[in-house]
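Working notes, structure below.
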Amino acid sequence: MEQMKRTVTCGQLTAKNEGQTVILNGWVHRNRDHGGIHFINLRDRYGETQIVVDEDAAEALKEKAGSLKFEYCVAIEGIVRARPESMINPDMVTGEIEVSVKNISILNSCKTLPFMIEDETDSNETARLKYRYLDLRSKGMQDRIILRNNVTYAIREYLQKSSFLEIETPTLIKSTPEGARDFLVPSRLHAGKFFALPQSPQLYKQLLMVSGFDKYFQVARCYRDEDARGDRQLEFTQIDMEMSFVSVDDIFKITEGMMGHVFKKSLGVDLPLDFQRISYDDAMNLYGSDKPDLRFDMAFQDFAPFVPASSFGVFKSVLEAGGAVKALVVPGAAADYSRKKITELEETAKTFGAKGLAWMKVTTEGLDGGVSKFYNDQADAICSGLEAKEGDLILLMGAAWKTACNSLGAVRSRLGKDLKLIDENLYRFVWIVDFPLFEYNEDEKTWEPAHHMFSMPQEQYLETFDKDPGPVKGDLYDLVLNGYELASGSIRIHDPELQQRIFNVVGFPKEVAEERFGFLLESFRYGAPPHGGIAAGVDRLVMIMAGKESIKEVIPFPKNNAGMSPMDDSPAWVDADQLQDLHLNIIMPEVDKKEE
RNA sequence: GGAGGCGUAGCGAAGCUGGUUAUCGCGCCGGCCUGUCAAGCCGGAGAUCGCGGGUUCGAUGCCCGUCGCUUCCGCCA
């Protein structure tokens, strides 16, 4: 039989089409046989349409309809008819009509499914990944992949209109020493040499600035050989942008405008633009994170003023060692938080390196429970100082500054979820600015770049940063949305002398720098313009817009947590011939050797 | 590398302190059914309870080990 090509999709028929003869192509989503009358829901990416086989249909047709199982791919010819008034389904776009079938063609049958195709499956992730092509048929996944398309479309639309050029950069590049672990690609033509897959197009976009393409962007695939997380995969996609002759404010403005356009176009949401800015120090001190979720407040307070007058030795020694003691007042939580629940909060803190979590409750008499006996004589001062009221729970964290911030920050996040303080409909953007340029590595006793080596120190540190790297802030910024780092960028160094001074601070020998990215340094000597940029994670953005907590939900074919694909079983062994071509020998780790 | 959680039919789950013919829903197979839209009703098949060892008269359940998945820490400029 000649193929019955569709004349309409499964999502478009309404009462207006009554009487028309149509052909639909799609998948059998549901099949309800009532003995006499028979309903089939036919589905494609546009929607669902109800097909009816009536009592008086030909026997052969009825039999064929009865043989249709889940996910058979079929073509159906029939006549659009209005449903009887009482049979209209208001939950269906096509609920006003049904198609009375005249002809059914089975385009392909379908085995018994490993899991049902439902709006949101509850099947296990391994099965979903193994049969990803089936999982992607679900409405939830289709919606998210379509959302992802709409997001990248809106981004391109906005940036093109803003005079940006979309330019591709190589994915076979030179391995660079800093940052994450590189994926390496062996060279066949050059024995023993390797390409690396880019962790980002960083160096190339800077070179494009030197070339005069003053507004660049790319939807760039990036690769980092590190352990996965809910918001991290081996490969992921960035909107990578770079601009010449710009200040931080210019970059913020274009990014804010882009986000506004994306949310308006793909979700119909009007974002309040001109995002809030918080310094890194404030973000850490107040929320215990460089990516704070500001959909709820509950900021930390400094508890150090109350430490000296108390006999509680733990906090005293923390302060003497240069650490911090922070207080988190949880309004009205005293009654709900038993010792057991507080211990659970403490466990959360401990995973972030805290030794413990002190607490006390505010009562009519003063302070009660936990460490209150050490502080009751200061009860009034503490309560007024922290603005704590009767019924509040006060959590106290004393540790080295960063540990104190991070661990209490984790407690804050958990409380935000547990106490349902988070408005799920909110998109709360915040710029984190004034990041430190360098971090001290206690183990190596060296200074390291906090982000990367190409970021500009802020002007006030330009003279002195080599001598005293600790306090130096860079023109570095992150864009944070609902507690996720969404974008990160900086104003770059375009002066080779300045760049060399940075290398010196982080103990990067001149010869190594020349060897690794001499080409970039050399380009700076040919009239490189001042420039800066930002890169935004597409997967995370779409994930948040879709209300999900894993980027696997918005990536068509993701890897699992172990960095493998259950569908195609990659990574996989290769033939000895291939290895020989690439001049490679495999040396198995000891443990695996025994198993071989 | 480390910590927590999970592992019972194709899928999702139940199985309390050790003794069941291992339960339920979806799916699958067969039958009935004229208006459903997660259709309904009746019947049936389908499980070495992740794997190995131990304790016990007896283990899905307790203990040890191991594997897998998952979330997090480390890592991710």
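The values are calculated or read from the model by the stated rules, or taken from the named source; none is laboratory data. These numbers come from a predicted model, not from an experiment. Note that we place each Cβ from the backbone using ideal geometry, even for glycine, and neighbour counts take in every protein chain shown.
Determine, yes or no, whether A:A299 is modelled with pLDDT of 95 or more and in a loop (DSSP other than H, G, I, E, B). Step through it out loud before you land on a result.
On the way: modelled with pLDDT of 95 or more: yes; in a loop (DSSP other than H, G, I, E, B): yes.
Answer is yes for this residue.
Limited to region A:193-209, what total is found for residues that are hydrophobic (A, V, I, L, M, F, W, C), part of a helix (DSSP H, G or I) and modelled with pLDDT of 95 or more? Spell out how you get there, then give the answer.
Keep residues of region A:193-209 that are hydrophobic (A, V, I, L, M, F, W, C), which gives A:194-197, A:203, A:207-209.
Still in the list and also part of a helix (DSSP H, G or I): A:203, A:207-209.
Retained after the next criterion (residues that are modelled with pLDDT of 95 or more): A:207-209.
Residues that pass the stated criteria total 3.
Return the pair list, or none, for Cβ contacts closer than 8 Å from residues in region A:87-99 that are farther than 12 Å from A:Q12 by Cα to residues that are more than 6 Å from RNA strand B (Cβ to nearest atom) and of a type in the set (D, E), at least 6 apart or on different chains.
Pairs that qualify, where the first residue is farther than 12 Å from A:Q12 by Cα and the partner is more than 6 Å from RNA strand B (Cβ to nearest atom) and of a type in the set (D, E), are A:I88/A:E96.
Considering only residues of region A:67-84 that are within 28 Å of A:P114 (Cβ to Cβ) and more than 8 Å from RNA strand B (Cβ to nearest atom), which is nearest to the chain's Cα centre (by Cα)? Can you show your working first?
First, the residues of region A:67-84 that are within 28 Å of A:P114 (Cβ to Cβ): A:67-76.
After this cut, where a residue has to be more than 8 Å from RNA strand B (Cβ to nearest atom) as well, the list is A:67-68, A:71-76.
Numbers: A:S67: 44, A:L68: 40, A:E71: 32, A:Y72: 35, A:C73: 35, A:V74: 38, A:A75: 39, A:I76: 41 Å.
Only one residue tops the list, namely A:E71.
Condition first: under 19 Å from the mean Cα position of the chain (by Cα) and in a helix (DSSP H, G or I). Can you find one or more residues in region A:237-255 that meet it?
Going residue by residue through region A:237-255, those that are under 19 Å from the mean Cα position of the chain (by Cα) are A:237-241, A:255.
Next cut, in a helix (DSSP H, G or I) only: A:255.
Yes, some residue in region A:237-255 is under 19 Å from the mean Cα position of the chain (by Cα) and in a helix (DSSP H, G or I).
Got a sec? Which of A:I432, A:I422 is outside any helix (DSSP H, G or I) and modelled with pLDDT of 95 or more?
On the way: A:I422 fails: modelled with pLDDT of 95 or more.
Exactly one residue qualifies, and that residue is A:I432.
Could you check how many residues of region A:31-53 are surrounded by fewer than 16 Cβ atoms within 10 Å (Cβ to Cβ), closer than 22 Å to A:A15 by Cα and within 10 Å of RNA strand B (Cβ to nearest atom)?
So the count comes out to 2.
Any residue that is in contact (Cβ under 8 Å) with a residue 12 or more places away in the chain and within 29 Å of A:L172 (Cβ to Cβ) - is there at least one of those in region A:243-250?
yes
What's the number of the condition A:E387 fails, among (1) within 16 Å of RNA strand B (Cβ to nearest atom); (2) on the phi > 0 side of the Ramachandran plot; (3) touching a residue at least 40 places away in the same chain (Cβ under 8 Å)?
If we test A:E387 against (1) within 16 Å of RNA strand B (Cβ to nearest atom); (2) on the phi > 0 side of the Ramachandran plot; (3) touching a residue at least 40 places away in the same chain (Cβ under 8 Å), just (1) comes out false.
Residue by residue, here is whether (1) outside the structural domain of A:A358 (by TED's automatic domain parsing); (2) over 30 Å from A:V330 (Cα atoms); (3) within 16 Å of RNA strand B (Cβ to nearest atom) holds:
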residue	(1), (2), (3)
A:R232	yes, yes, yes
A:D249	yes, yes, no
A:D270	yes, yes, no
A:V307	no, no, no
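Might you check whether a residue that is charged (D, E, K, R), within 16 Å of RNA strand B (Cβ to nearest atom) and surrounded by fewer than 18 Cβ atoms within 10 Å (Cβ to Cβ) occurs anywhere in region A:234-247?
Restricting attention to region A:234-247, the residues satisfying the condition of being charged (D, E, K, R) are A:235, A:240, A:242.
Keeping just the survivors that are within 16 Å of RNA strand B (Cβ to nearest atom) gives A:235, A:240, A:242.
Adding the requirement that they be surrounded by fewer than 18 Cβ atoms within 10 Å (Cβ to Cβ) leaves A:235.
Among the residues of region A:234-247, at least one is charged (D, E, K, R), within 16 Å of RNA strand B (Cβ to nearest atom) and surrounded by fewer than 18 Cβ atoms within 10 Å (Cβ to Cβ), which makes the answer yes.
Could you tell me which of the residues A:T403, A:T446 is of a type in the set (S, T, Y), assigned by TED's automatic domain parsing to the domain that holds A:S372, over 23 Å from the mean Cα position of the chain (by Cα) and at negative phi?
Numbers: A:T446 fails: assigned by TED's automatic domain parsing to the domain that holds A:S372.
Within the list A:T403, A:T446, the selection yields A:T403.
Does any residue of region A:269-287 turn out to be over 20 Å from A:V433 (Cβ atoms) and in a helix (DSSP H, G or I)? Show your work before the answer.
At the first step, the residues of region A:269-287 found to be over 20 Å from A:V433 (Cβ atoms) are A:269-270.
Now restrict to residues that are in a helix (DSSP H, G or I): none.
The answer is no; no qualifying residue exists.
For the subset of region A:55-89 comprising residues that are within 17 Å of A:E18 (Cα to Cα) and in a loop (DSSP other than H, G, I, E, B), which member is modelled with the lowest pLDDT?
A:P84
Going by the conditions given, is A:H452 within 19 Å of A:Q238 (Cβ to Cβ), not hydroxyl-bearing (S, T, Y) and not in a strand (DSSP E or B)?
Working: within 19 Å of A:Q238 (Cβ to Cβ): yes; not hydroxyl-bearing (S, T, Y): yes; not in a strand (DSSP E or B): yes.
Taking the combined requirement at face value, the residue satisfies it.
Whether any residue in region A:357-371 is within 32 Å of the chain's Cα centre (by Cα), modelled with pLDDT of 90 or more, within 21 Å of A:T403 (Cα to Cα) and in the same structural domain as A:K402 (by TED's automatic domain parsing) is what I want to check.
Step one: of region A:357-371, the residues within 32 Å of the chain's Cα centre (by Cα) are A:357.
Going one step further and asking which of them are modelled with pLDDT of 90 or more, we end up with A:357.
Still in the running and within 21 Å of A:T403 (Cα to Cα): A:357.
If we keep only those that are in the same structural domain as A:K402 (by TED's automatic domain parsing) as well, we get A:357.
Scanning region A:357-371, I find at least one residue that is within 32 Å of the chain's Cα centre (by Cα), modelled with pLDDT of 90 or more, within 21 Å of A:T403 (Cα to Cα) and in the same structural domain as A:K402 (by TED's automatic domain parsing), so the answer is yes.
Filter region A:95-115 down to residues that are more than 19 Å from A:F39 (Cβ to Cβ) and either in a loop (DSSP other than H, G, I, E, B) or of a type in the set (F, W, Y) (or both), then give me how many there are. Working first, answer last.
Here is the first cut: in region A:95-115, the ones more than 19 Å from A:F39 (Cβ to Cβ) are A:107-109, A:111-115.
Filter again for either in a loop (DSSP other than H, G, I, E, B) or of a type in the set (F, W, Y) (or both), leaving A:109, A:111-115.
So the count comes out to 6.
Collect the residues in region A:340-374 that are loosely packed, with under 13 Cβ neighbours inside 10 Å, in contact (Cβ under 8 Å) with a residue 12 or more places away in the chain and assigned to a helix (DSSP H, G or I), keeping them in residue-number order.
Listed by number, the list holds a single entry, A:T351.
Considering only helices (runs of 4 or more DSSP H) fully contained in region A:502-596, which possess at least 1 residues that are more than 16 Å from the chain's Cα centre (by Cα) and hydrophobic (A, V, I, L, M, F, W, C)? Lay out the reasoning, then the answer.
On the way: elements: A:510-524, A:538-545, A:576-581, A:590-595.
Helices (runs of 4 or more DSSP H) meeting the threshold: A:510-524, A:576-581, A:590-595.
Could you go through region A:106-116 and let me know if any residue there is modelled with pLDDT of 95 or more and aromatic (F, W, Y).
No, there is no match, as no residue in region A:106-116 is modelled with pLDDT of 95 or more and aromatic (F, W, Y).
When residues of region A:216-230 are filtered for being surrounded by fewer than 20 Cβ atoms within 10 Å (Cβ to Cβ) and more than 11 Å from RNA strand B (Cβ to nearest atom), how many remain?
Of the residues in region A:216-230, 2 are surrounded by fewer than 20 Cβ atoms within 10 Å (Cβ to Cβ) and more than 11 Å from RNA strand B (Cβ to nearest atom).
Report, by residue number, each residue of region A:313-323 that is surrounded by fewer than 17 Cβ atoms within 10 Å (Cβ to Cβ) and touching a helix residue (DSSP H, G or I) at 6+ places or on another chain (Cβ under 8 Å).
Selection gives A:L319, A:G322.
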